[in-house]
């Protein structure tokens with residue numbers, strides 16, 4: 001797993017910081033973890049997004065798209081799900097299919113990470129429940145954010161292509177397999193029509 005730096009939480013001594021400070025240092029690790037799929041496809045380190053950058057983009061995209069097309073969804077729940085969806089990667093890292101880790105092992109590692117990190121918050125159990133809801137897609141908001149996560153990947157693909165990086169077309173195909181909502185399919189179709 002390629003990272004910019006180690007988990008900042010390892011720089012804190014036991015008992016040195018409050019739970020809020022410790023939680024921040026833990027989530028800050030998402031800023032250190034490169035999105036591994038991009039690196040594996042030749043995106044240079046200096047241009048490769050971090051997991052935190054991806055999470056921010058997913059949250060913003062979810063907010064804007066929900067406000068435009070999905071007014072019946074709970075906007076706060078959408079944002080919480082989007083912001084929490086990558087918490088499992090704090091310890092597990094950004095596991096990709098080419099890493100040779102099975103889905104069950106990946107899920108276990110991420111679930112353990114979410115449980116450990118969220119235990120630092122007095123309301124941590126609620127955050128674990130939200131993360132589990134995202135993972136299982138048990139609500140309209142969770143299903144929506146799961147599709148937005150794939151749409152964001154396609155949008156980032158478009159950005160990289162416009163920056164001159166070639167050979168990323170299969171990321172559109174991967175997103176297309178997961179996106180079901182007609183409005184989101186329309187945005188994906190627009191991206192494919194705009195390919196350079």
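Hey, what's the Cα Rg ratio for segment 1-93 versus the globular rule of thumb, 2.2 N^0.38 Å?
1.26
Evaluate 2.2 N^0.38 Å with N set to the residue count of segment 138-196, then give the Cα radius of gyration divided by it.
1.12
Among 190, 26, 161, rank each residue by its count of other Cβ atoms within 10 Å, from fewest to most, as a rough exposure measure.
Ascending Cβ contact count within 10 Å gives the list 190, 161, 26.
Tell me, what are the semi-axes, in whole angstrom and largest first, of the equivalent ellipsoid of segment 82-196 as set by the roots of 5 times the Cα gyration tensor eigenvalues?
29, 17, 12
Which order, highest average first, do 83-94, 123-134 follow once you tally other Cβ atoms within 10 Å for each residue and take the mean per peptide?
Highest mean packing first, the order is 83-94, 123-134.
Taking a temperature of 37 °C and a viscosity of 0.692 mPa s, what whole-number D in µm²/s does Stokes-Einstein yield for the chain with Rh from Kirkwood over alpha carbon pairs?
187
If one takes the longest principal axis of the Cα atoms in the chain, at what angle in degrees, from 0 to 90 and to the nearest 10, does the Cα axis of helix 103-118 lie?
The angle comes out at about 50 degrees.
Any read-out appearing in this document is the output of simple, stated calculations on the displayed coordinates, not a laboratory observation. In this text, all values refer to a predicted model and were calculated from it rather than measured experimentally. As a convention, Cβ positions derive from the backbone with ideal geometry for all residues, glycine included, and neighbour counts pool all protein chains shown.
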